[in-house]
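> A single structure is presented below for examination.
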Amino acid sequence: MQDGKLRNKPLVEALLELRWDLPTQVGSELPSDPHYRLLLGRFSERIESAYPFHEALPTAEIPDAMAANVPQHRFRVSRGAWPLIQMGPGIMTVNETNGYEWATFRSRCESAVEMLFDAHPSKGDLHIHSLTLRYIDAVDVDFSAESVFDFLRGKMKLDISLPPSLFEDDRVKSNPSAFNWQVSFPHQIPGGLLTLRFAMGTRSGKPGILWETLVQTERDSIPQMPLGFHIWLENAHSLTHDWFFKMIQGELDRRFSGD
């Protein structure tokens, strides 16, 4: 969900994820970052004023050489509060939930990336190979009254179906008890893949649809970092924003807006 002005936000989480190359060390087949420990300390010093509460995640007990792209440390604005930043060998994320507003989230993402590069002890070795902007949203659905197929078709203009003949003899019920669907499309700006994922799930104990919208850019399409990051972020957000509001146009838009 990309608009903080919606009165009834469907947002579960918004997050930015950066991943960078980890070299394979001499005598080992596992990739690891020789700068990670120093980077972690220097980075935590730079974000301490904005994210003063530190949590060592259980994954921090895993040896660095076995924890590539796994967050090990979390930095919160206060105990148990959002937003937060996570870091591990080769990975950094910026995460927000109910308090999300695009302008504030954008500023936090840009600041985090700037401090990541500023903190790295050998900037020539920091090669970003993946940028992802991801939104996870949820909406309550009574599946006893409406099938997932009917909901997606009627509320989100997504027509997914199976041949009716499969259910003619009533040996199999036509209302599914589980659903998971994903599709990806290449995009030119900012470059990479846009992915939609839909699944039946629960939120706060209530059944519903969980859906993710991801814009991911990798390798040769990565802009010059960190200078080109703000343009990438704006373009990625513009794409997710456009798709989100086109898909909820109608009843869901009114529900989320509180009309």
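> Can you show me the helix-derived [θ] at 222 nm for the chain, built from DSSP H runs with n ≥ 4 at -39,500 (n - 2.57) apiece and divided by the number of residues, rounded to the nearest 500. List each step's numbers first, then the result.
Numbers: 5 runs with 65 residues, N = 259.
It comes out at -8000 deg cm²/dmol, rounded to the nearest 500.
> Now a separate question. Quick one: pull the percentage of alpha-carbon pairs in region 1-150 with a separation above 27 Å.
Details: 3372 of 11175 pairs.
Distances greater than 27 Å cover 30 percent of the Cα pairs.
> How large is the translational diffusion coefficient of region 141-254 in µm² per second when you combine the Kirkwood radius over alpha carbon pairs with Stokes-Einstein at 10 °C and 1.306 mPa s? List each step's numbers first, then the result.
Working: Rh = 16.5 Å.
For these conditions, the coefficient is 97 µm²/s.
> Now for a separate question. Once you have all Cα-Cα distances for the chain, histogram them in 10 Å bins from zero and send the whole-percent values.
Each 10 Å bin holds this share of Cα pairs: 6, 27, 30, 22, 11, 4, 0.
> Follow-up. With an 8 Å Cα cut-off and a minimum separation of 6 or more residues, compute the relative contact order for region 137-235 in percent. Working shown, then result.
Details: 125 pairs, mean separation 26.4, N = 99.
RCO, region 137-235: 27 percent.
> How compact and how long is region 102-207, expressed as Rg and Dmax of its alpha-carbon atoms in Å?
Values for region 102-207 (Cα only, Rg and Dmax): 20.9, 67 Å.
> Over 19 Å between Cα atoms, which of 157/246; 5/206; 206/246 qualify? Could the numbers behind the result be given before it?
Details: 157/246 9 Å; 5/206 24 Å; 206/246 25 Å.
From 157/246; 5/206; 206/246, over 19 Å: 5/206; 206/246.
> Also, I was wondering about something else. Using a simple charge model, +1 on the beta-carbon of Lys and Arg, -1 on the beta-carbon of Asp and Glu, nothing else, what dipole does the chain show about its Cα centre, in debye to the nearest 20?
Values: 26 positive and 34 negative charges, 93 e Å.
Using only the charged Cβ atoms, the result is roughly 440 debye.
> Something else about it: So how far, in whole Å, is the C-alpha centre of region 197-255 from the one of region 15-82?
Taking the Cα centre of each part, region 197-255 and region 15-82 sit 25 Å apart.
> Which whole-number percentage describes the relative contact order of the chain, with Cα contacts under 8 Å and a sequence gap of 6 or more?
Values: 460 pairs, mean separation 58.4, N = 259.
For the chain, the relative contact order is 23 percent.
Computed from the coordinates by the stated procedures, all read-outs in this text should not be read as laboratory data. Since the model is a prediction, treat every value here as computed from it, not as a measurement. Cβ sites come from the backbone with ideal geometry, for glycine too, and all protein chains shown count toward neighbours.
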